[in-house]
1. What lysines does LYS43 reach when the alpha-carbon gap must be under 23 Å and sequence neighbours fewer than 8 apart in one chain are set aside?
2. Can you tell me the orientation of helix 304-318 relative to the chain, as the angle in degrees between its alpha-carbon axis and the longest Cα principal axis, to the nearest 10?
3. Mind pulling the angle between the C-alpha long axis of helix 208-221 and the longest principal axis of the chain? Nearest 10 degrees, somewhere in 0 to 90.
4. Just from its helices, what would the mean residue ellipticity at 222 nm be for the chain, if runs of 4 or more DSSP H residues each count -39500 (n - 2.57) and the sum is divided by every residue, rounded to the nearest 500 deg cm²/dmol?
5. Springs between alpha-carbon atoms under 10 Å, Gaussian network over the chain: tell me which of ALA346, ALA77, ALA282 tops the mean-square fluctuations.
6. Normalise the Cα radius of gyration of the stretch 267-324 by 2.2 N^0.38 Å (N = residues in it) and let me know the number.
7. Using a cut-off of 22 Å between alpha-carbon atoms, which lysines can reach LYS275, once sequence neighbours fewer than 8 places away in the same chain are excluded?
8. In whole angstrom, and with the biggest value first, how far do the Cα coordinates of the stretch 184-295 range along each principal axis?
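The values are calculated or read from the model by the stated rules, or taken from the named source; none is laboratory data. This is a predicted model, so every value here is computed, not measured. Don't worry about glycine lacking a Cβ; one is built from the backbone with ideal geometry, like all the others, and counts go over all protein chains shown. Accessible surface areas use protein heavy atoms only, side chains included; no ligands, DNA or RNA. Shrake-Rupley method; radii C 1.70, N 1.55, O 1.52, S 1.80 Å.
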Amino acid sequence: MPILNRAAELQDEVTEWRRHIHARPELLFAVENTAAFVAEKLKEFGVDEIVTGIGRTGVVGLIKGNGGGSRTIGLRADMDALPLTEISGKPWASTTPGKMHACGHDGHTAMLLGAAKYLAETRNFNGNVAVIFQPAEEGGGGGNLMVKDGMMERFSIEEVYGMHNLPGLPVGQFAIRKGPIMAATDEFTVTIKGRGGHAAQPNRTIDPIAIGAQIVANLQMIAARTVDPLRSVVVSVTKFNAGFAHNVIPNDAQIAGTIRTLDPEVRDIAESRFKQVINGLAAAHGAEADISFQRNYPVTVNHAAETGHAIATATDIAGEANVNPEIDPMMGGEDFSYMLNARPGAFIFIGNGDTAGLHNPAYDFNDEVITHGISYWVRLAEQRLGA
Ligand SMILES: [Zn+2]
Ligand SMILES: [Zn+2]
């Protein structure tokens, strides 16, 4: 089955919603206007139950099928934008400098709204579909908060599915894999406390810059010599701040960055070796290190059976040649991981075509994707709920 006719009919309307949201980006949990727009649309469609304020500003709509039955599956979109200034030059570009939809969450929200409209019109399934709109995917853990707020229990959600656009993958194509598909994203900040002094008398100082440089270089030993080369780890130092003059060795230096891993065991190994390297090198040179290590999003792990369902639906929509069932995992993070830790499900990529990359100021969600996304959501719901 190709794209659903009704999804194609919705194209213009959903494009309008997408561009409306795109022009009005909101960050993290402060997505009040987007959430209000979503809730208003769901009401207009006649969605049976609409709950706002889950995970602070999340919205969930429950659509009951015509066939009765009590099984519920969740379909999830994200609503938040990024702190970037848009340079796309599109007529619907962000109206707020410093905020833009550079990850396509405007498209995700609009496509799920389109699917909700379709499903509320047809109701050609048994059981219920919960459409989930979450805030704060870009760093705030809004998905985690919705789970903690009891969303899964409240709506008796048994399976949960997510979708993200992927620039570089042609429009009309899908890509997925079972098991880990996105990385755990841990973050660190380290202050190396030395002893400052005259640049001409380094022997009287404990130089935090020289020690920091050793630390930056040695952290790569985690990837090079600690973790099995067949398993993935990325250690990136992204900040190194120290000093203020040519002739002064400063007291402190600060480094910060991120560690990305694809399985819990490697995650533990990387964290403990990270601390050993820093404490060891600091001690070796007479300095002290203050380490703040924060575990952020967990690994996004697709469940096997649900990945199979997602592949079946995508194949149904797009044809076998347009579905990659074994895409390589990515070292970016995704807070849909928390929902997948709470319920079985799967996260799929949908092609955004040849556009600027995610988080790039020239990025724009590709509206040609809309009918493919709506068709996927609708077919997935109908197939999982036995239409
Ligand atoms: Zn993003
Ligand atoms: Zn995103």
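1. LYS64, LYS117
2. 60
3. Result, in degrees: 50.
4. One gets -11000 deg cm²/dmol as the mean residue ellipticity at 222 nm.
5. Comparing ALA346, ALA77, ALA282 in the GNM, the peak value goes to ALA282.
6. Details: Rg = 22.0 Å, N = 58, 2.2 N^0.38 = 10.3 Å.
So the stretch 267-324 has a normalised radius of gyration of 2.13.
7. Leaving aside lysines fewer than 8 places away in the same chain, those within reach of LYS275 are LYS193, LYS239.
8. 46, 21, 18
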